[in-house]
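Notes for the one structure printed next.
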Amino acid sequence: MMKTVQEVLNSGTSYLEARGVDGARHSMQSLMVHVLGCNKTWLYLHFDDPLPEEKLVPLRELLKQRGQGVPLQHLLGSTEFFRREFRTDARALIPRPETEELVEFALQMAPRRSGMRVLDMGCGSGIIGITLALELARQNPEVVMADISEAALSLTLENATALGARVRTYRSDLFAAWDTPEEGAVQPPEGAFHLVLANLPYVPEDEAVSAEVQHDPATALYGGADGLDIVRRFLKDALPHLAPEALVMLEVGHDQGHATREVMESLGYTRCRVLRDMSGKERFPMGFAPAGAEPVSDEHAAD
């Protein structure tokens, strides 16, 4: 006798709950929607419909992987960010809900100027820079995206192409491609940035992470003994590449905001503060480049 939609939903939810999966019912709903090619409303309107075995076979395999901690976003192949679907897989960090809040803050606070230059450092799947390129389209921004991982950059390009975003991508260990370019490597355009966002690795190297997070690339997670090694280097190396009073914003761990702000202040950033996420955690340090900064030349900004 075939199981109904409701029976499969309930049994799958119980299976995930028993394995400690957060949001077990949401995960099961999402997997069923994915396999059945429907939406959640359809599920509830067809609770009593039987599910044929050919639909249960792929669902069981996905359910097993989810129970083992494989992220839902990897199983579905995409995640929603700022009302858009982004491809997500093991090549880059899974977008976190808090990152949407960072982008919201940036859009509220960023200087709106035609041709503004925007940098997404450590771009991963590209969600930050691509979203800014699309949301700021009226300003015709030049959006530059950089990451140390070639695999992550390939994912960024796939997402940019699918969403029609005009961006430029470069492989770089922070600002190395600008400051110490390798022979034969494609060099990023010179010129000062007006808005810089960075979601860099910030997990302390000895901190345990969940089974789900372990599916993220290690290079996107760990930031040294206290988690801020890469953040400190980024904030220092960024200064020569910033326009006067450029806005710099980061996402860090829930208990690293104050320490990051202190680093920014020590380097001469002004009006530094830490914005809270929706849970009240001080997660988004921000500051402005010194007004008297002498940024790199804009000579090649339109290259």
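The values are calculated or read from the model by the stated rules, or taken from the named source; none is laboratory data. Owing to the predicted nature of the structure, the values given are computational and were not obtained by experimental measurement. In this analysis, Cβ positions are derived from the backbone assuming ideal geometry, glycine residues included, and neighbour counts consider all displayed protein chains.
State the number of residues belonging to the stretch 140-194 that are surrounded by fewer than 22 Cβ atoms within 10 Å (Cβ to Cβ), touching a residue at least 24 places away in the same chain (Cβ under 8 Å), over 11 Å from Met121 (Cα atoms) and β-branched (Val, Ile, Thr). Residues meeting the conditions: 0.
Candidates are the residues of the stretch 15-27 that are modelled with pLDDT of 95 or more and closer than 16 Å to Glu61 by Cα; the one that is surrounded by the fewest Cβ atoms within 10 Å (Cβ to Cβ) is Tyr15.
Condition check: more than 30 Å from Arg271 (Cα to Cα), polar (S, T, N, Q), modelled with pLDDT of 90 or more and under 13 Å from the mean Cα position of the chain (by Cα). Does Thr79 satisfy that? Spelling it out, Thr79 is indeed more than 30 Å from Arg271 (Cα to Cα), polar (S, T, N, Q), modelled with pLDDT of 90 or more and under 13 Å from the mean Cα position of the chain (by Cα). Checking the structure you have, find out if any residue of the stretch 111-125 is more than 22 Å from Pro240 (Cα to Cα) and under 17 Å from the mean Cα position of the chain (by Cα). Checking the stretch 111-125: at least one residue is more than 22 Å from Pro240 (Cα to Cα) and under 17 Å from the mean Cα position of the chain (by Cα).
Among the residues of the stretch 201-211, not a single one is at pLDDT 90 or above, in contact with a Phe, Trp or Tyr (Cβ under 8 Å, 6 or more places away or on another chain), within 21 Å of Arg91 (Cα to Cα) and surrounded by 13 or more Cβ atoms within 10 Å (Cβ to Cβ).
Would you be able to tell me the number of residues in the stretch 99-123 that are modelled with pLDDT under 90 and surrounded by 18 or more Cβ atoms within 10 Å (Cβ to Cβ)?
Count: 1.
Within the stretch 48-60, residues that are over 20 Å from Tyr15 (Cα atoms) have Cβ atoms under 6 Å from residues that are not in a helix (DSSP H, G or I) in these pairs: Asp48/Thr4, counting only partners at least 6 apart in sequence or on another chain. Please work out if Arg96 is modelled with pLDDT under 90, closer than 27 Å to Gly287 by Cα and surrounded by fewer than 14 Cβ atoms within 10 Å (Cβ to Cβ). In short, no.
Might you check whether a residue that is in contact (Cβ under 8 Å) with a residue 60 or more places away in the chain and buried (at least 21 other Cβ atoms within 10 Å of the Cβ) occurs anywhere in the stretch 251-259? Yes, because at least one residue in the stretch 251-259 is in contact (Cβ under 8 Å) with a residue 60 or more places away in the chain and buried (at least 21 other Cβ atoms within 10 Å of the Cβ). With respect to the conditions (1) in contact with a strand residue (DSSP E or B) (Cβ under 7 Å, 6 or more places away or on another chain); (2) under 22 Å from Val21 (Cβ atoms); (3) in contact (Cβ under 8 Å) with a residue 24 or more places away in the chain; (4) not β-branched (Val, Ile, Thr), Gly126 lacks only one, and its number is (2). Only one of the numbered conditions (1) farther than 19 Å from Val144 by Cα; (2) modelled with pLDDT under 95 is violated by Leu267, and that is (2).
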